[in-house]
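I have placed the structure first, in the form of structure tokens, so that the comments after it can refer back to it.
The values are calculated or read from the model by the stated rules, or taken from the named source; none is laboratory data. Remember, it's a predicted structure, so these values are computed and weren't measured experimentally. Neighbour counts are summed over all protein chains in view; Cβ atoms, including those assigned to glycine, are modelled from backbone coordinates with ideal geometry. SASA here: full protein model, heavy atoms, side chains in, ligands and nucleic acids out. Shrake-Rupley method; radii C 1.70, N 1.55, O 1.52, S 1.80 Å.
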Amino acid sequence: GRSRLVTKWLKDRPKFRELALTSPRPVGIPGSLVMELMLALLDQSDSTQDPIEKLTGLLGAIAARYADAACGQDVKTGLPYLLRSAGYDLADSDERSLTKFGYFGELVAGLRGLIGCLCRDAVQAGGRLVLVIDDLDCADSSSGQLIGRALQGLEGDEAPLIVATCINAAEVASRARVFGREPAVIQVPPFGADEQNV
């Protein structure tokens, strides 16, 4: 019901360009929400192309579009760290987990640049980027910290609108505060067993 409510809200506002992330469950890798952001950029319907090659090309194209802007330079510099956060290493193509790399600052800069570039794309198309995070309270806390730090450096046309759903309303406030904003909470109570059966 929560996700449908957000989808309906966005459908009635065509100027918003949605980038939807679903918090992975169970959460096993710190920064897993950042991995979901990278994978959301890929078109999963085309399974013939190597995902590392495809993601590298996509991020490279985004950086090239804004080569003269700080956001484009951040994406170009942060490319290896963004790939690692998606579970890939540019050098040897092995799957990796974010826990094996301590490049917090570089990853935050790359994320800031990527989100900034995507926001500029939406503005040029006459809209605004909406970052939709489904089940925010199920994401690991390091994901919120990474994205929150990236968002702190964004203003104006490079700042997205953030919409998040949550299962546990008590936890969402602390998670959302990492983004540097106080959340507006719409409480949708969970369905009971009888309601689920219906």
Residue pairs meeting the criteria (Cβ under 9 Å; at least 6 apart or on separate chains; first over 22 Å from LEU154 (Cβ atoms) and open to solvent by 20 Å² or more (accessible area, probe 1.4 Å), in segment 49-70; second hydrophobic (A, V, I, L, M, F, W, C) and in a helix (DSSP H, G or I)): PRO51/LEU39; THR56/LEU79; THR56/LEU83
Just one of the numbered conditions (1) open to solvent by 60 Å² or more (accessible area, probe 1.4 Å); (2) modelled with pLDDT of 65 or more is not true of GLY153; which one? (1)
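Which helices (runs of 4 or more DSSP H) sit wholly inside segment 18-127 and have at least 1 residues that are at pLDDT 80 or above and over 23 Å from SER143 (Cβ atoms)? Step through it out loud before you land on a result.
Numbers: elements: 32-41, 51-65, 70-85, 104-124.
Output list reads 51-65, 70-85, 104-124.
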If you go through segment 105-130, how many residues are buried (at least 23 other Cβ atoms within 10 Å of the Cβ) and either without any contact (Cβ under 8 Å) to a residue 12 or more places away in the chain or farther than 16 Å from ALA70 by Cβ (or both)? 2
